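What follows is a single structure, written as structure tokens, with notes after it.
The values are calculated or read from the model by the stated rules, or taken from the named source; none is laboratory data. It should be emphasised that the depicted structure is a prediction, and the values quoted were computed from it without experimental measurement. For neighbour counting, all protein chains shown are included, and Cβ atoms are generated from backbone atoms with ideal geometry for every residue, glycine included. With ligands, DNA and RNA removed, areas are computed over all heavy atoms of the protein, side chains included. Shrake-Rupley method; radii C 1.70, N 1.55, O 1.52, S 1.80 Å.
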Amino acid sequence: MSLWRDLYHGDTHFDFYGSRRRWFAISGVIVAVSISALVFLRLDLGVDFSGGTLIEFANPNGVSVGDVRSVVDDSGVGSAKVQQVGGAGIRVQTAQLDTATEDRLVTDLAELLGEDPGDATRQSVGPTFGGQVTESAVRALIVFLIVIALYMSWRLEWKMAGAAVFALVHDLLFTSGIYALAGLEVTPATVIAILTILGYSLYDTVVVFDKMQENVRERGDRHTYGAI
């Protein structure tokens, strides 16, 4: 209980700065693993980014993924990804299909699952549009990092701006690496979640650096920068 009491009263004296080499080493390993995962495993981009056709059905009878895959293969659709969703649903993702092929696949799936073809949830995104969405997201991220770096260089100092951008890139690589390692699908909701993480990361960094500048003005002649 003494640890919690010390934390509550602010009586802890852990030398975070003195252990900086340890933290940098840990961060380096995390970044290396994340980059390796992104290069070799790659992100599983959803339909909104990669383009394609997405069909979802309820699966109240518990038809197996293998049976669904057989029907998809028999429909002449290659390179399809079949997975269970929500515990009682089936999702089939393919390259973009023409209307006739899509309708035939929906009919075959409905017959297998015992559902009405009209109950299917469909989504079709062309590869060009998906590429434009991905390009726009990357461009927006780059512009965001540049603007943040310029603002912090003006508001604080350029070294702090560099550290803030490094922290943002670190968090972005770490989060993306987890998605690549776990094979999680990247959807628009994923982008929103990552932007939220980056927002909190930037907020924490700015608060800490702003307080450090204030302490430097007040005690810079009595303490080293590392001690502050």
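Sub-7 Å Cβ pairs linking a first residue in region 93-120 that is farther than 16 Å from Asp73 by Cα to a second residue that is in a helix (DSSP H, G or I) and open to solvent by 60 Å² or more (accessible area, probe 1.4 Å), at least 6 apart or interchain, are Pro117/Thr107, ordered by first then second residue.
Of the residues that sit in region 1-26 and are hydroxyl-bearing (Ser, Thr, Tyr) and in a helix (DSSP H, G or I), which one is most open to solvent (accessible area, probe 1.4 Å)?
Within region 1-26, the first condition is being hydroxyl-bearing (Ser, Thr, Tyr), and the residues that meet it are 2, 8, 12, 17, 19.
Next, only the ones that are in a helix (DSSP H, G or I) stay: 2, 8.
Numbers: Ser2: 63, Tyr8: 183 Å².
So, considering only residues that are hydroxyl-bearing (Ser, Thr, Tyr) and in a helix (DSSP H, G or I), the one most open to solvent (accessible area, probe 1.4 Å) is Tyr8.
Can you pull out every residue in region 154-182 that is more than 12 Å from the chain's Cα centre (by Cα) and either crowded, with 16+ Cβ neighbours inside 10 Å or over 22 Å from Ala140 (Cβ atoms) (or both)? Across region 154-182, the qualifying residues are Leu156, Glu157, Trp158, Lys159, Met160, Ala161, Ala163, Ala164, Val165, Ala167, Leu168, His170. Restricting attention to region 1-33, the residues that are modelled with pLDDT under 90 and touching a helix residue (DSSP H, G or I) at 6+ places or on another chain (Cβ under 6 Å) total 1.
Please go through region 1-41 and pick out each residue that is among the aromatic types (Phe, Trp, Tyr) and under 17 Å from Leu172 (Cα atoms).
Listed by number, the list holds a single entry, Phe24.
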